[in-house]
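So the structure is just underneath, and the comments pick up after that.
The values are calculated or read from the model by the stated rules, or taken from the named source; none is laboratory data. This structure is a prediction, so every number in the text was calculated from the model and none was measured. With ideal geometry, Cβ positions are generated from the backbone for all residues, glycine too; neighbour counts draw on all protein chains shown.
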Amino acid sequence: MTIFQVTLKNCAFYAHHGVFEQEKALGQRFFVDVVMDVEAGDALVSDDIEQTVHYGLVYELVEKIMTGSRRNLIETLANDVALGLTAWSPMIRRVEVAIRKPSAPIAGILDYVEVRVEHRN
């Protein structure tokens, strides 16, 4: 079996996830990376989009999850994305989802907080 990797890097979404009331009310930017190990099937030879994971549709699914149900924890949110993707396509054998929160309410100087979740089919 041949596996190839598809990556969506630094997808940006505005959403209202977080524990604190200010995060819930005001919202903030989140950045998402998705790395998928995809079972090749005939895609590498057929050059047919129907034989692979359409990354435009992956983006749309991630966007729907990120801007849909509000979550307190980005850990839960990353898990939602990973589970949603693996349920959506059986060709996705493994998915790693990283969510970055640059405006984390921390009394300190940092670029962002990041959580990673991995699921395998």
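General remarks:
- Hits in segment 61-81 (condition: in a helix (DSSP H, G or I) and of a type outside the set (S, T, N, Q)): LEU61, VAL62, GLU63, LYS64, ILE65, MET66, ILE74, GLU75, LEU77, ALA78, ASP80, VAL81
- Test result for ILE74, under 15 Å from VAL117 (Cβ atoms), in contact with a strand residue (DSSP E or B) (Cβ under 9 Å, 6 or more places away or on another chain) and not hydroxyl-bearing (Ser, Thr, Tyr): yes
- Scanning segment 92-113 for residues that are surrounded by 14 or more Cβ atoms within 10 Å (Cβ to Cβ) and among the charged types (D, E, K, R) gives ARG93, ARG94, GLU96, ARG100, LYS101.
- Residue satisfying all of: in segment 24-60; of a type in the set (Val, Ile, Thr) and outside any helix (DSSP H, G or I); nearest to ALA104 (Cα to Cα) among these: VAL32
- Listed by first and then second residue, the pairs linking a residue in segment 11-22 that is at negative phi to a residue that is among the basic types (Lys, Arg) and part of a loop (DSSP other than H, G, I, E, B), with Cβ atoms under 9 Å apart and 6 or more places separating them unless they lie on different chains, are ALA15/ARG70; ALA15/ARG71; HIS16/ARG70; HIS17/ARG70; HIS17/ARG71.
- Within the set ASP47, ASP42, the sole residue that is touching a helix residue (DSSP H, G or I) at 6+ places or on another chain (Cβ under 7 Å), of a type outside the set (Phe, Trp, Tyr), more than 18 Å from VAL19 (Cβ to Cβ) and modelled with pLDDT under 95 turns out to be ASP42.
Per-residue answers, yes or no, for (1) more than 18 Å from THR7 (Cα to Cα); (2) of a type in the set (Ser, Thr, Tyr); (3) in contact with a Gly (Cβ under 8 Å, 6 or more places away or on another chain):
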{"residue": "THR52", "(1), (2), (3)": "no, yes, yes"}
{"residue": "VAL58", "(1), (2), (3)": "no, no, no"}
{"residue": "ILE65", "(1), (2), (3)": "no, no, yes"}
{"residue": "ASN72", "(1), (2), (3)": "yes, no, yes"}
{"residue": "GLY84", "(1), (2), (3)": "no, no, no"}
{"residue": "VAL95", "(1), (2), (3)": "no, no, no"}
{"residue": "ALA104", "(1), (2), (3)": "yes, no, no"}
{"residue": "GLY108", "(1), (2), (3)": "yes, no, no"}
